[in-house]
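For reference, the structure discussed in these notes is given below.
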Amino acid sequence: MIEIEDRHRELLRTLAGGEVQFVLVGGVALQLRGFSGATRDVDVTIAADDLNTRRLDQALEALQAQPYLTGERGVAYRTRLGQVEVMRWTDGVGDYDAWTREATIIELEPGLDVQVGSASHLLLSKEHADREKDTDALPLIRAELLASGALQASDVRGPVASLPTEVTPDPRVAQVLGPRPKQRRTRGLWDHG
């Protein structure tokens, strides 16, 4: 099972169970593509036909959704499972149809398949949103998506952060100094050294 917050999984289960046609975009989608950053809401873009709009309305009712922000791009809701933003279109990529061109289906759990925006589109959307929080995170997003294999080097359009590398301890050090302590001891003000 792919690791995302339980409340986000349940929210997506409600949308999918209501047969809402959507593409997962934003922070949760980035997590599914390999980004380690946290997110507080679920972002989706939806098919804009009448049937899908009715399905979305039913799912939002089941989620006890209350709109709190409305704009030309979409509506943000508070639900019993956290926030969800329903986007008609996004900067850099466009509407539902544009997102579906590169989206792939990811199985979050048996019986829960979700269409997720491509790493390239997710990055493009973040780059075009031009928000400070995105701009600050972009180098790390690029690095982690490259490291996960979700992003191709040809899709990188900006700086890439250096990822920390794990160091394998030299066994000769353990022979001389003994095993490395599992926990570090808290030092008091009276400790020296």
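Here's the yes/no breakdown for (1) assigned to a loop (DSSP other than H, G, I, E, B); (2) open to solvent by 40 Å² or more (accessible area, probe 1.4 Å):
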| residue | (1), (2) |
| --- | --- |
| I2 | yes, yes |
| Q58 | no, yes |
| V84 | no, no |
| E102 | yes, yes |
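Screening R7 against (1) touching a Gly at 6+ places or on another chain (Cβ under 7 Å); (2) open to solvent by less than 50 Å² (accessible area, probe 1.4 Å) leaves a single unmet condition, (2). Residues that are more than 16 Å from I106 (Cβ to Cβ) and open to solvent by 20 Å² or more (accessible area, probe 1.4 Å) within segment 25-38 comprise S36, A38, listed in sequence order.
Take the conditions modelled with pLDDT of 85 or more, basic (K, R), surrounded by 10 or more Cβ atoms within 10 Å (Cβ to Cβ) and not in a helix (DSSP H, G or I) and apply them to R157. Does it pass? Judged against the criteria, R157 is a match. Taking (1) in contact with a strand residue (DSSP E or B) (Cβ under 9 Å, 6 or more places away or on another chain); (2) among the hydroxyl-bearing types (S, T, Y); (3) not in a strand (DSSP E or B) in turn, Y77 satisfies each apart from (3). Reported count of residues in segment 86-100, each being touching a residue at least 24 places away in the same chain (Cβ under 8 Å), among the aliphatic types (A, V, I, L, M) and not in a loop (DSSP other than H, G, I, E, B), is 2.
If a residue must be touching a residue at least 12 places away in the same chain (Cβ under 8 Å) and open to solvent by 20 Å² or more (accessible area, probe 1.4 Å), how many such residues does segment 127-154 contain?
Residues that pass the stated criteria total 14.
Of the candidates R55, R73, the single residue that is over 13 Å from V23 (Cβ atoms) and at pLDDT 95 or above is R55. The residues of segment 6-28 that are of a type in the set (A, V, I, L, M, F, W, C) and not in a helix (DSSP H, G or I), listed by number, are V20, F22, V23, L24, V25. The numbered conditions (1) open to solvent by 10 Å² or more (accessible area, probe 1.4 Å); (2) out of contact with any Gly (no Cβ under 9 Å at 6 or more places or on another chain); (3) hydrophobic (A, V, I, L, M, F, W, C) are all true for L124 except (2).
Which residue, of G17, G37, is closer than 21 Å to A150 by Cα and touching a residue at least 24 places away in the same chain (Cβ under 8 Å)? Answer to the check: G37.
R78 meets each of the listed conditions (1) touching a residue at least 12 places away in the same chain (Cβ under 8 Å); (2) among the basic types (K, R); (3) closer than 19 Å to G117 by Cα apart from (3).
In this structure, G178 does not satisfy being at pLDDT 90 or above and not polar (S, T, N, Q).
The values are calculated or read from the model by the stated rules, or taken from the named source; none is laboratory data. Fair warning: this is a prediction, and the values are worked out from it, not measured in the lab. Don't worry about glycine lacking a Cβ; one is built from the backbone with ideal geometry, like all the others, and counts go over all protein chains shown. With ligands, DNA and RNA removed, areas are computed over all heavy atoms of the protein, side chains included. Shrake-Rupley method; radii C 1.70, N 1.55, O 1.52, S 1.80 Å.
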